[in-house]
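Below is one structure, written out as structure tokens; comments come after it.
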Amino acid sequence: MKQLDKLLDGNKSWADSLQAEHPEFFSSLSKQQNPEYLWIGCSDSRVPSTQLVGMLPGEMFVHRNVANVVVHTDLNCLAVLQYAVDVLRVRHIIVCGHYGCGGVKAAMNNTKLGLIDNWLRHVQDVAEKHEQLLSQIEDKHKRADKLCELNVIEQTINVCQTTVVQNAWDRGAEFAVHSLIYSLHDGLLRNLGVCITNEEDLLTARQQTWNESRP
Ligand code: CO
């Protein structure tokens, strides 16, 4: 119970095999990181950001929380975002949700789980905004899947409305903010077709979500 043997053994063999494949890997990576991507995803253990895109350490800066929510007062997420945009100067910010998200399901079903209900309230806000659209979907799994997609898009818009992104665009920084969703069933990512690179794109995306929320 007190031992972490499995974890430490796993780490040893992972480091050994990486070292064998790329002898300079750890020595060069320990000097600096230069990732092109910021990933904002769900904490779900089945959605391992770097692994599922086949990237190595150093290639992706990552922030994960339950249901990949971006809240304008979440200092943790904002600090990650600011560091990624202003210091690392990433080229792509990816908000990635996943079908079958437990957080989204709990939000949709109004399940009482404790403190986390407050966090999932943000997903319930998304569900309320899109209630007309969601209520037309009879199958509850399909409805949950649709809410997973809508949540990703709304959180992508939230990223773009932070002072971090707004200020970066004002000074001419170039990067794109994307919406992706991952399927636990086939291990594949799908692009939800949102790619925001400036204020004009943001306005279009916002308009689209409002139009879709009133079918
Ligand atoms: Co999830």
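Principal-axis analysis of the Cα atoms of the chain puts helix 199-213 at an angle of about 50° to the longest axis. Based on C-alpha pairs under 8 angstrom that are at least 6 apart in sequence, region 33-212 has a relative contact order of 24 percent.
Restricted to Cα atoms, the chain shows a radius of gyration and a Dmax of 18.7, 57 angstrom.
Taking the C-alpha atoms only, the angle from helix 5-21 to the longest principal axis of the chain is near 70 degrees.
Karplus-derived 3J(HN,Hα) values for region 75-87, using 6.51 cos²θ - 1.76 cosθ + 1.60 with θ = phi - 60°, are 4, 4, 5, 5, 5, 4, 4, 5, 5, 5, 7, 8, 9 Hz; glycine and proline are entered as x. Please give the helix 140-160 orientation as an angle from the longest Cα principal axis of the chain, in degrees from 0 to 90, rounded to the nearest 10. Orientation of helix 140-160: about 70 degrees from the principal axis.
Below 15 Å Cα-Cα, how many Lys pairs turn up in the chain? Only count pairs eight or more apart in sequence, or on different chains, if you could. Intermediate results must be reported in sequence, preceding the final value.
Details: 105/140; 105/142; 105/146; 129/146.
Close lysine pairs found across the chain: 4.
Result for the chain in a Gaussian network model with C-alpha springs under 10 Å: among 165, 69, 152, the largest mean-square fluctuation is at 165.
Springs join every pair of Cα atoms under 10 Å in this Gaussian network model of the chain, and among 57, 23, 48 the largest mean-square fluctuation is at 23.
We did not get these values from a lab; they are worked out from the coordinates using the rules stated. For clarity, every value in this text was computed on a predicted model and none was experimentally measured.
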